[in-house]
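Here's the structure, in structure tokens; my notes come after.
Each value in this text was obtained by applying a stated rule to the coordinates, not by laboratory testing. Quantities reported herein were computed from a predicted structural model and do not represent experimental measurements. Cβ placement follows ideal geometry from the backbone for every residue including glycine, while neighbour counts extend to all protein chains displayed.
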Amino acid sequence: MKIKVLITGGTIDKHYKALTGELAFTQTHIVDMLNRGRSMAETSSEVLFLKDSLEISDTDREFILDKCLSCDEKIILITHGTDTLVKTAQFLAGKIKHKTVVLFGSMIPYSVDNSDAMFNLGVALGAAQLKQDGVYIAMNGQVFNFDKVEKDKNLGIFTGT
């Protein structure tokens, strides 16, 4: 069972620039994360774009949808920034049939100490292989249905609704 990993950016793939103190994209870390986690799941990854989720437009969401619909894989992971992760999940839901889609990201970049990136990737990877067809969000050690989750910006976590 091959898993497609679609990479869209978000905090998970940002890198801290010490000279300027800002977070920016240089390249994806997802393949390195899978290797570091010693994942034996058969995956194929594709970088769609590297954007902060606040910059993701409905045109970008259509592009993500097209990639989900056109790939042969029935299991899809999507990296995504956390600010609009729920919005993208809701956009995809109902439009994708007979596939399991799990979106995930991180609150702290993979490249920074104490990141939640590896943990969220592991939960997403496991959930994608166990869940029925549908769209889900994997964050904070939990797997949520796309329509029963929200980001609590005050606490910096995702919670069920």
On a 19 Å Cα-Cα criterion, which of the cross-link pairs Lys67/Lys99; Lys74/Lys148; Lys67/Lys97; Lys99/Lys151; Lys17/Lys87; Lys74/Lys131 come out too long? Lys74/Lys148; Lys99/Lys151; Lys17/Lys87
Just to be sure I understand the model, the point goes 7 Å from the Cα along the line to the Cβ. What's the resulting Ile108 to Arg38 distance in nm? 2.3 nm
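Which value in Å is the Kirkwood Rh of segment 3-160 over different Cα pairs? Intermediate values should be presented prior to the final figure.
On the way: mean 1/r = 0.0650 Å⁻¹.
Final number for the Kirkwood radius of segment 3-160 is 15.4 Å.
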With Cα atoms, 0 to 90° folded angle of helix 58-70 axis to the chain main axis: 50 degrees
Taking the convex hull of the alpha-carbon atoms of segment 7-55 and averaging its shadow over every direction gives an area in square nanometres of 4.1 nm²
Measure nothing but the geometry: give the 0 to 90° angle between the long axis through the Cα atoms of 117-130 and the longest principal axis through the Cα atoms of the chain, rounded to 10°. 10 degrees
Dipole magnitude (debye, nearest 20) for the chain, charges at Cβ of Lys, Arg, Asp, Glu: 360 debye
What relative contact order, as a whole-number percentage, does segment 3-160 give when Cα pairs under 8 Å and 6 or more residues apart are counted? 24 percent
